[in-house]
Amino acid sequence: MEGKSSYFILLVIVAFLSITLAFLAIGFFVFGNNGSGGDQEVVVVTDKVPSDNDLEIKTIFENRNFNLKKTDNKQVAVISVSASMKYYKTVDDMKEEAVAEKIDFYSKEINQAIGTYFQGLTLDDVSQLEAKKEASDYLTKEINEILTKNEKKASPLVYNLIFDYWLYQ
């Protein structure tokens, strides 16, 4: 008789766990994985590529020479680059003219940041295949920091920095 009562208790426990699991699964699918009732909006951030109409292009400089960091006392290394930036025509409350004026206002600081970046590189650094991409990514971030340092809500103004001429020796 003892075997039947143990079997019955085990059956009750398994049934209870199965029903609990079913309710948890229903709750997960109905309320989502946050358990808040499903009425909260989930914001997904994606890197959206802007249309050509949303961007403007400005040439920063053409064929400018920058000294590179020396690796030994005999070698003088120089890079000559041309740079342009793609920037958003309008950002938040700023109109198209205001964005262009802000870029012009900070042009000396932008040129200084670019020059300082190249002074820290060696000839071996700029000769790598990914050097242009790394320079573009880093300097785009730096330029956006320069342009938005006094903004309350900092939205990037510069989309991309383009080096269309890159000669080193």
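The values are calculated or read from the model by the stated rules, or taken from the named source; none is laboratory data. No experiment lies behind these values; they were computed from the predicted model shown. Note that each Cβ is placed from the backbone with ideal geometry, even for glycine, and that neighbours are counted across all protein chains shown. The accessibility values were calculated without ligands, DNA or RNA, using every heavy atom of the protein model including side chains. Shrake-Rupley method; radii C 1.70, N 1.55, O 1.52, S 1.80 Å.
A compact table of results
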| quantity | calculated |
| --- | --- |
| Positions within segment 128-140 being loosely packed, with under 13 Cβ neighbours inside 10 Å and either of a type in the set (S, T, N, Q) or outside the structural domain of F66 (by the TED database) (or both), in sequence order | Q128 |
| Pairs where the first residue, in segment 75-98, is surrounded by 19 or more Cβ atoms within 10 Å (Cβ to Cβ) and the second is of a type outside the set (K, R) and in a loop (DSSP other than H, G, I, E, B), C-beta under 6 Å, 6+ apart | A77/L68; I79/L68; Y87/L157; V91/S155; V91/L157 |
| Residues of segment 109-124 classified as open to solvent by 70 Å² or more (accessible area, probe 1.4 Å) and either farther than 20 Å from E62 by Cα or not assigned by the TED database to the domain that holds M85 (or both), total | 1 |
| Helices (runs of 4 or more DSSP H) completely within segment 69-169 that count 2 or more residues being at pLDDT below 95 and in contact with a Lys or Arg (Cβ under 7 Å, 6 or more places away or on another chain) | 96-105 |
| Segment 115-169: number of residues that are within 19 Å of the chain's Cα centre (by Cα) and of a type in the set (A, V, I, L, M) | 11 |
| Segment 141-150 - residue that is free of Cβ contacts under 8 Å to residues at least 40 places away in the same chain and open to solvent by less than 70 Å² (accessible area, probe 1.4 Å) and, of those, nearest to K95 (Cα to Cα) | T148 |
